[in-house]
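Only the coordinates and a few stated rules stand behind these numbers; no lab work does. Predicted, not measured: the structure shown is a model, and the values here were computed from it. Using ideal geometry, Cβ is built from the backbone for each residue, glycine included, and neighbour counts are taken over all protein chains shown.
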Amino acid sequence: MKTLDIGCGAAKRTDAIGMDKRKLDGVDVVHDIEVLPWPFDNEQFDHLVAWHVFEHLKPWLMIEIMDECWRVLLVGGTLRIGMPSPESYGFYQDPGHVRVWCEATPRYFDPDYPQYQHYTPKPWKIELNTWYPKGLPKDIQRPMFNGGSLFILRKRA
């Protein structure tokens, strides 16, 4: 099983390939997430993790970034996105936070919802769309974050 930790910073998962625009301890691939395409082959990963990184990205690039996630992920693979919830102090305290997703945002990527027709990006299936508390299983949670929104999307063919 091969995992890409997108925007891992210095807290890369031990079982993953870490990509970040800064050369920090644990970063395997130095590359800016907003520069497309990423330096990976098509359908190279089983899982992608974007833990508290998407809220830092330019909103006008999110459709293309999601399409890039889709490109490097195997069909049936998952993308886990964690970020502060829209109403949280955690979102507003960080000057680098640009935009968070609300519970309706993933619908723009899933053809089962009418919002998908607005952009018609590469197709995903919403697996989970929820608030998470501190104390999630270690394969999801990083200790420095105290809760927020969690989205799990599965790549459709």
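For Tyr132, the amide hydrogen comes within under 5 Å of the amide hydrogens of Gly148, Ser149, Leu150, counting only partners 5 or more places away or on other chains and with H modelled in the peptide plane. Which of the three applies to region 1-53, rounded, prolate or oblate, going by the alpha-carbon gyration tensor with a ≥ b ≥ c and a/c under 1.5 meaning rounded? Since a/c reaches 1.5 but b/c is at least a/b, the shape of region 1-53 is classed as oblate. Assuming charge only on the beta carbon of Lys and Arg (+1) and of Asp and Glu (-1), the dipole of the chain about its Cα centre is about 160 debye to the nearest 20.
Phi-derived couplings, Karplus 6.51 cos²θ - 1.76 cosθ + 1.60 at θ = phi - 60°, listed residue by residue for region 27-41: 6, 8, 10, 8, 7, 6, 4, 7, 9, 10, x, 6, x, 9, 6 Hz, with x used for Gly and Pro.
May I ask you to list the trypsin sites (Lys or Arg not before Pro) in region 2-77 that are in a DSSP loop and have at most 11 other Cβ atoms within 10 Å of their Cβ?
Working: sites: Lys2, Lys12, Arg13, Lys21, Arg22, Lys23, Arg71; in loops: Lys2, Lys12, Arg13, Lys21, Arg22, Lys23.
Passing both the DSSP loop test and the Cβ count: Arg22, Lys23.
Tell me whether region 3-155 comes out rounded, prolate or oblate; compute the Cα gyration tensor, take square roots of the eigenvalues as a ≥ b ≥ c, and use a/c under 1.5 as the rounded threshold.
rounded
Between Ala104 and Asp46, the distance separating the two model label sites (each 7 Å from Cα on the Cα→Cβ line) works out to 3.7 nm.
Highest mobility in the GNM of the chain, judged by mean-square fluctuation with C-alpha springs under 10 Å and restricted to Tyr92, Tyr132, Tyr108, is found for Tyr92. Among Val27, Val49, Val35, the largest mean-square fluctuation in a Gaussian network model of the chain (Cα springs under 10 Å) belongs to Val35.
The aspartates and glutamates within cross-link reach of Lys2, meaning a Cα-to-Cα straight distance under 16 Å and a gap of 8 or more places when in the same chain, are Asp15, Asp28, Asp41, Glu43, Asp46, Asp139. For the chain, the residue among Tyr92, His31, Gln44 whose Cα projects farthest onto the positive side of the dipole built from Cβ charges is Tyr92. Here the Karplus relation 6.51 cos²θ - 1.76 cosθ + 1.60, evaluated at θ = phi - 60°, turns the backbone of region 58-74 into coupling constants of 5, x, 6, 9, 5, 5, 5, 5, 5, 5, 5, 4, 4, 4, 7, 9, 5 Hz, with x for every Gly and Pro.
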